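Report on the following structure.
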Amino acid sequence: MKRLRYLFLCVSLFGQAAAEEAPSFRRDVMPVLFRAGCNAGTCHGSARGKDGFMLSLFGYDAKGDYYRLTQEMVGRRVNVAAPEESLLLLKAIGKVPHTGGELFTKDTPYYKTLLGWIEAGAPDDADSVPQPVGITLTPDRIVFEGGNGTERTVVTARYSDGTTRDVTNLALFLTNNPATAKIDENGVVSATGRGDTYVFARFNRFTIGSEVIVLPEDKDYTWTNPKAHNYIDEIIHDRLEKLRLLPSDLCDDETFVRRLHLDLTGGLPSVDEVRAFLADTSPDKRTLLIDRLLKSDGFTDLWTTLWAEMLRVKGGGYAPSATDVKAADVYYDWIREQIAANRPLNAFVADQITGTGSNLTSGPANLYTMLVHDVKVTPKNLAADFSQLFTGVRIQCAECHNHPFDRWTMDDYYGWVSFFTGIQRKLGVEPREFYVFNDRSAVPAKHLVDERPVPATVLGGESSVPAGEDPRKALAAWLTSPENELFSRNLANRIWAHFMGRGIVEPVDDMRVSNPPTNGPLLDALAKNLAEGGFDLRAFVRDICASRTYQLSARPNATNADDTRQFSRSQLRRLRADVLLDAVVKATDGERGFSYFPKGTKAVQHYPRTPGDTTRPMTGDAFFDTFGRAGRASVCACDTKAEPTLSQALNLIAGDTVQSQIGKGAVIDKLLKANAEPEAIIGELYLRALSRSPQPDEMSAMLGLVGNDTKDRKAYQDIFWGLLNSTEFLFNH
Amino acid sequence: MRRAFLVLFLVTSAAAADEVITFDEHIKPIFREHCQKCHGEDEQKADLNLATFADVLKGGSGGEAVVAGRASTSLLFESITAEDEAERMPPKKPPLPEDQIEKIRQWIEGGLRETSASQSMVAARDTSFQPANPLQFDGPPPMPEGFPDFTPPAVKRPLPVVAMATSPRAPLVAVAGHEQVALLDANRQKPLGSLPFPEGQPNVIRFSLDGRVLMVAGGKPVQSGSVVLFDVKTGKRLTTIGDETDAVIAADLSPDQQLVALGGSGKAIKVYGTADGKLRYKLEKHTDWITSLAFSPDGKRLASADRAGGIHLWDTAGGGILLSLSEHKAAVRALAWRADGRLLASGGEDGLLIWWDANDGWPVVNKPNAHPPVRPEGQYGKLPNGVLALAFGPQGQLLSAGRDRQVRLWKADGGAVKNFPTESALPLQTGITSDGKTLVAGDDAGGIRWWAWEG
């Protein structure tokens, strides 16, 4: 009897396999909801659903979606007795009023999948279907010659059981720049204009891109084969040649000496420094200048400020947030010591991650006061800021749903937050003092969907924290390891952006699959070099500044006038607020004090340090407010503003900055007193403001302004004022 | 034994009688640990002092801090359970541990006892079931004697039992099917025949008080909806009421059969006269879909519930609102009147099962998590625990169905009697036959389950 039944079972199984298999909810139905846009953010995927029906955004919660479709209102959305009367189908084909309109017709595979599933009784299939583990988009690189053409792409999903499946008709497509290439709903890419961009396919929780290059039909193009200074140029030249771009010429010495001083020290070169550099005839004088400036205090000051800005160092007087002025001082001084000693950047970061102890005595512990600026340490906020700062990843998108345009899932997010759930501050011996420590009894963060505790897990990795250990140790070890590309690429990109005016990934704090680097091999090489070089900031910077690419002129040639992404020429960069203020003071021999700082403090040495609550944006000086210095209200790189404003123009034209510094420094009075000739005075003013001598036509125009009364202080002051208001002065070029 | 029964009868709070929660023993230490820094003898933020029992009762500048017997309307309880961190007490701290919150809830619900010697401050309510004089109807209990000539439409599989009703006089159960209503003999548990409902899916089925008329409400989702009255004996259609643009989700027939109330996705309740099919009045107060409607046994009141948790009691004569019953935090799935009209029961997706005093809207018995699901191993988070269906029996007992896949029988005062598992399917509808001896449930696989009951 048993035997017989077994036989019967086998037969029936074969019979089933031969017939068409019923669609699976997770494998087949969920992708249809994704492709048709049902679970998009503007439709039922919004946090509160739409018109009373909610789906998880892009399908992060299949179990919940199954419940809402079949169980929430039994018999309405899905009708197993009369499948074609299911509201799900009627809405999708637009047979009944639907805010989203008609999504597909009855003759599509989408309709057939949904209908087949309902006809089979709308079964659930939790744990029984293979999960997608990744997707590929082929080809991964498309080059269109002659400015037009189309090409079909194919999306293939790989599943946990090792199978693959063509999911092109279930994927969604997008392009990063429709002016270069478009992609339609069938995955067909078409060229629209010269340039390089990426097109993306999305399926399940995965996003993947293919590079598209559209080349013009210019037969005259020949690669000029400029000499590479180092690996940076080799990679960039390779890229430029592929894109049929030519790099601009090298910049002249006047431009270089000014550019390098501003980038390495945050200050203008002195007149003597400019003259000495121009007079120097040694062939390697640029490299020598780089080496000299890397050793200068100015370099330490500037990079301390750049870090202090990212780490949100600011001191106030509101005790409960643990960010007292004294804590800010301790943190700032500690950062400066590390930069001065050229401490490896990974060790510098690791010290802060494991920072423990008093905010008034331990510099690195202040990561957990300054990054937070709140009376309580909220693990989620800390986790988000930490990730954005040290990896460039905006993980917070995965708090409520899997990241729609990146690889991060909610599991990744909550595992990441769990590193920070134990971080606490307890009151010290005086009201300003707090001890930062990790509470080992803290419980992990709970997953939003099913409230399951997710143990501390590094991004994209496995859980690896030994029980009972401060999880920050494991976090620091993982984050700052030379093998961790998230860390090295982020640092390399941020440092590169400082010198080139643009990250290879831009914005620098938005690293994601759908925001790929404009030159992937370059970022890889820079990151590798930084890591292999032991995270030596100065050595890394030296390579950048020594490259031909850094030393290019801003003047475009016939091929690269439109290029802003491939580093074929130098980009004009507006001076940072602090650098600008220092430049005005230095050019004029002026003096500018800051509240709560000793006399002689430079703007680049300044950090917000005033009584009050540090949770609000605060720059500590009205000039910084006007010129967009970061108020350190967030870790966003966008906090430092480079956009010009009307009030900036008014400040420089009529405010108390330029005019009063010219008066204070009395440069012109001194020159007049020394009986200098008009040409010499004008020449010196040019060198002071622009680090170059005037062109002959400029000189004659200026002499015309001076007129016959060559001792008239006012005319020179007007000239100086004009130079300090010129675009050339306001920009690093 | 009899004495014990009586005592239990008078206990009105929902709190399990295991432990009496008192201020001195249980609550004071919690307040001292978490609250008294700001609300104590030294400082009284918002004029609230939580140091002594008398001070707690006094409340603060925001009014009463605690309402005896009703945690959900007590400011103090609202503050410690607020979802919004900015509103929650204690400020800028994690919420109180769950067990402490539960203690405070039980203390309030139990009537704010100061010491174990104190009396509960909740007025004792008599919830005893008082059946009215048996209604006198002419003739034998109406049973179907004929059915219209009708071939039921072919279906892929049975419709989930989205609607069901038991006759108040006869051993008769009506069950929803696709475009039809099946009538079953409750004694033999056998189908008798079907009434066609080409209007679509029957979402509500109700018998009239005399058992002679069957009301079927439903339709096609986002297309059409109406209510049809059938003569139980002949199976003939008596009238069709309403011409809605969406399926009717909630409906009821008044005891005198003069009115039909219906509602659904339109949020407004429409009350029609059955004689002429004309709209009598609209009730517009609900902010979400209407999920349940029920006339009181005397026909004077209409209870209505919505998908956001709101319940209102209306005066059927004028259409004015009498009471708003706010306890539910999620969709109300079922409303049922006890036959004596003194209590109204409601159940919802928030897991609450509430017996309301219909006179003043007081939640006499409030059972949170009345259908507690068994947590599968390794599963965290909130499990669906909604109450899906309610039906009172002739002796005031209540039969509920819930997402825990149990049908549960409750005493007239809210005490649990017995539960009946329906593991393989989700029970969607319940009923108790007119003799009180058969319990019925319909499930989402289209199955009907019967249990004999000698209670």
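For n ≥ 4 DSSP H runs only, could you compute -39500 (n - 2.57) per run for the protein assembly as shown, divide by its residues and tell me the 222 nm figure to the nearest 500? Please list the in-between numbers first.
On the way: 33 runs with 327 residues, N = 1188.
Mean residue ellipticity, 222 nm, calculated: -8000 deg cm²/dmol.
At most 16 other Cβ atoms within 10 Å and a DSSP loop assignment: could you name the trypsin sites (Lys or Arg not before Pro) in the range A:48-116 that fit?
Filter output for the range A:48-116: A:48, A:95, A:106.
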Next on the checklist: Tell me which of B:219, B:374, B:294 sits at the most positive position along the dipole axis of the range B:164-452, charges placed on C-beta atoms (Lys, Arg +1; Asp, Glu -1).
Outcome noted: B:374
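Which entries in A:50/B:329; A:91/B:220; A:602/A:664 show an alpha-carbon gap greater than 18 Å? Kindly include the intermediate steps, with their values, before the conclusion.
On the way: A:50/B:329 20 Å; A:91/B:220 12 Å; A:602/A:664 16 Å.
Pairs exceeding the cut-off: A:50/B:329.
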Next on the checklist: Just to confirm the number: angle between the C-alpha axis of helix A:713-724 and the first principal axis of chain A, 0 to 90 degrees, nearest 10?
Outcome noted: 20 degrees
Checklist outcome for this item: Note to self: C-alpha centroids of the range B:385-455 and the range B:44-119 sit apart, in Å, by 36 Å
Checklist entry - Where in the range B:250-273 is the amide nitrogen less than 19 Å from a point lying 7 Å along the Cα-to-Cβ axis of residue B:281? => result B:251-264, B:267-273
Checklist entry - What's the center-to-center distance, using Cα atoms, between the range B:151-188 and the range A:214-245 in Å? => result 79 Å
Checklist entry - What ranking do B:453, B:107 get, fewest neighbouring Cβ atoms within 10 angstrom at the top? => result B:453, B:107
Checklist entry - For a label point 7 angstrom out from the Cα of residue A:481 toward its Cβ, which stretches of the range A:334-351 have the backbone nitrogen within less than 19 Å? => result A:345-351
Next on the checklist: At a 10 Å Cβ-Cβ cut-off, how would you order A:142, A:290, B:249, A:653, fewest neighbours first?
Outcome noted: A:653, A:142, A:290, B:249
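Where the only charges are on Cβ atoms (+1 Lys, Arg; -1 Asp, Glu), what is the dipole of the range A:666-732 about its Cα centre, to the nearest 20 debye?
Values: 7 positive and 10 negative charges, 56 e Å.
So the dipole magnitude of the range A:666-732 works out to roughly 260 debye.
If exposed GluC sites (Glu not before Pro) are those in a DSSP loop with at most 15 other Cβ within 10 Å, what is the longest stretch of chain B that has none?
Longest site-free region, per DSSP loop and neighbour criteria: B:146-283.
Of A:251, B:38, how do they rank once you tally other Cβ atoms within 10 Å and put the fewest first?
Working: A:251 20, B:38 16.
Listed from fewest to most nearby Cβ atoms, that is B:38, A:251.
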Checklist entry - In nm, to one decimal, how far is the modelled label at residue A:222 from the one at residue B:416, with both set 7 Å along Cα→Cβ? => result 9.1 nm
Checklist entry - Which of the listed residues, A:229, A:300, A:372, is farthest toward the dipole's positive end in chain A, when Lys, Arg count +1 and Asp, Glu count -1 at the beta-carbon? => result A:372
Checklist outcome for this item: residue A:159 and residue B:38 label points (each 7 Å along its Cα→Cβ direction) are spaced in nm at 5.5 nm
Next on the checklist: Taking a ≥ b ≥ c as the square roots of the Cα gyration tensor eigenvalues, with a/c under 1.5 meaning rounded and otherwise prolate when a/b beats b/c, else oblate, which class fits the range B:164-452?
Outcome noted: rounded
Next on the checklist: How much of the DSSP bridge set in the protein assembly as shown is antiparallel, in percent, rounded to the nearest 5?
Outcome noted: 95 percent
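Suppose we flag GluC sites (Glu not before Pro) only when DSSP calls them loop and at most 15 other Cβ atoms lie within 10 Å. Which is the longest uninterrupted stretch of chain A? Spell out each step's value before the answer.
Values: sites that count: A:20, A:21, A:102, A:185, A:217, A:451, A:462, A:469, A:483, A:591.
The answer is A:218-450.
Compute the Cα gyration tensor for the range B:138-297, then decide on rounded, prolate or oblate, letting a ≥ b ≥ c be the square roots of its eigenvalues: rounded whenever a/c is under 1.5, prolate when a/b is larger than b/c in the other cases, and oblate in all that remain. Please list the in-between numbers first.
On the way: a/c = 1.85, a/b = 1.31, b/c = 1.42.
Judged from the Cα gyration tensor, the range B:138-297 comes out oblate (a/c at least 1.5, b/c at or above a/b).
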Checklist entry - Got a sec? Charge dipole of the protein assembly as shown, +1 on Cβ for Lys and Arg, -1 for Asp and Glu; which of B:235, A:33, A:153 is way out at the positive end? => result B:235
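Is the shape of the range B:193-269 best called rounded, prolate or oblate, per the rule: a/c under 1.5 gives rounded, else a/b larger than b/c gives prolate, else oblate, with a ≥ b ≥ c the square roots of the Cα gyration tensor eigenvalues?
Details: a/c = 2.35, a/b = 1.38, b/c = 1.70.
Judged from the Cα gyration tensor, the range B:193-269 comes out oblate (a/c at least 1.5, b/c at or above a/b).
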Checklist outcome for this item: So the FRET efficiency between residue B:137 and residue A:99, C-beta based with R0 = 35 Å and rounded to 0.05, is 0.10
Checklist entry - Summing Lys, Arg as +1 and Asp, Glu as -1, what charge do residues with Cβ under 13 Å from the Cβ of residue A:367 carry, residue A:367 excluded? => result +1
Checklist outcome for this item: If one compares the long axis through the Cα atoms of helix A:325-340 with the longest principal axis of the Cα atoms of chain A, the angle in degrees, nearest 10, works out at 80 degrees
Checklist entry - Under the definition of partner shielding as Cβ atoms of other protein chains within 10 Å of a residue Cβ, what is the mean value for peptide A:63-74? => result 3
Item to check | Unsatisfied cross-links (Cα-Cα over 32 Å) in the set B:103/B:411; B:285/B:437; A:112/A:182; A:473/B:28 | outcome: B:285/B:437; A:473/B:28
Item to check | 5 angstrom amide H check on residue A:423, placed H, neighbours 5+ away | outcome: A:439
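How large is the charge dipole for chain B, taken about the Cα centre, if only the Cβ atoms of Lys, Arg (+1) and Asp, Glu (-1) carry charge, to the nearest 20 debye?
Numbers: 49 positive and 55 negative charges, 216 e Å.
Here chain B has a charge dipole of around 1040 debye.
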Item to check | Dipole moment magnitude, nearest 20 debye, chain A about Cα centre, only Lys, Arg, Asp, Glu C-beta charged | outcome: 1220 debye
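All of the numbers you see were taken from the coordinates with simple rules; none came from a lab. Here the structure is a predicted model, which is why all the values come from computation and not from measurement. Cβ atoms come from the backbone with ideal geometry, glycine included; neighbour counts cover every protein chain shown.
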